[in-house]
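Following: one structure in structure tokens, then a few remarks.
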Amino acid sequence: MKPIDTSTQTEIEAATFRRLLQHLDNHKEVQNIDLMILADFCRNCLAKWMMASAEEQGVTLSYDEAREAVYGMPYEQWKDLYQQPATEEQLAAFAQREAAKKGASS
């Protein structure tokens with residue numbers, strides 16, 4: 001990739017992040033546990049990363065505010081409308097992934 005100025009790079013990255021959020025919003029059927037199992041991050045992780053990035057810029061952003069930015073609505077509302085209980089299979093897959101991560105870090 002040819003060099004681009006910092007401002008343009010920031011705009012591209014911001015647009016990409018907005019597109020990721022839109023994609024996740026369009027696929028509410030994809031549960032956070034599915035994302036954690038497959039990609040080791042979820043919507044809540046994005047909110048935590050957003051909070052950390054805000055803090056690096058000297059901006060105070062609460063976890064609730066960050067989650068609302070990621071979910072497009074207050075988290076509790078999203079959870080009531082779209083979050084399904086985790087299945088036994090999902091819980092087992094998540095536990096297996098967590099165990100594998102712990103094994104790899106030992």
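Since every read-out is calculated from the coordinates, none of them should be taken as a lab result. What you see is a predicted model; the values in this text were computed from it and never measured. When we count neighbours, we look across all protein chains shown, and the Cβ atoms used for this are built from the backbone with ideal geometry, even at glycine.
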At the level of C-alpha centres, the distance separating the range 16-39 and the range 57-106, in angstrom, is 11 Å
Partner aspartates and glutamates whose C-alpha sits under 20 Å from that of LYS48, ignoring same-chain residues fewer than 8 away, are GLU13, ASP25, ASP34, ASP40, GLU56, ASP64, GLU65, GLU68, GLU76, GLU98
Those GluC sites (Glu not before Pro) from the range 11-106 that are DSSP loop and have at most 13 other Cβ neighbours within 10 Å turn out to be GLU29
GNM of the chain, Cα pairs under 10 angstrom: of LEU35, LEU81, LEU21, the biggest fluctuation goes to LEU81
Cα-based Rg/(2.2 N^0.38 Å) for the chain, rounded to two decimals, is 1.26
Taking only the alpha carbons of the range 1-59, the radius of gyration and the largest Cα-Cα distance, Dmax, both in angstrom, are 13.9, 38
In this structure, the FRET efficiency calculated for ILE12 and TYR82 from their beta-carbon separation, with R0 = 35 Å, to the nearest 0.05, is 0.75
TM-like helix rule applied to the chain (DSSP H, alpha carbon span at least 24 Å on the long axis, mean Kyte-Doolittle at least 1.0) gives none
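For a footprinting-style exposure proxy, rank SER53, SER105 by other Cβ within 10 Å, fewest first.
Going from sparsest to densest Cβ surroundings: SER105, SER53.
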Here the gain from full extension of GLU89 to THR60, 0.36 nm per residue of separation minus their alpha-carbon distance, amounts to 6.6 nm
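For VAL30, VAL70, which order do you get if you count the other beta carbons within 10 Å of each Cβ and list the fewest first?
Numbers: VAL30 15, VAL70 24.
Least crowded to most crowded, the residues run VAL30, VAL70.
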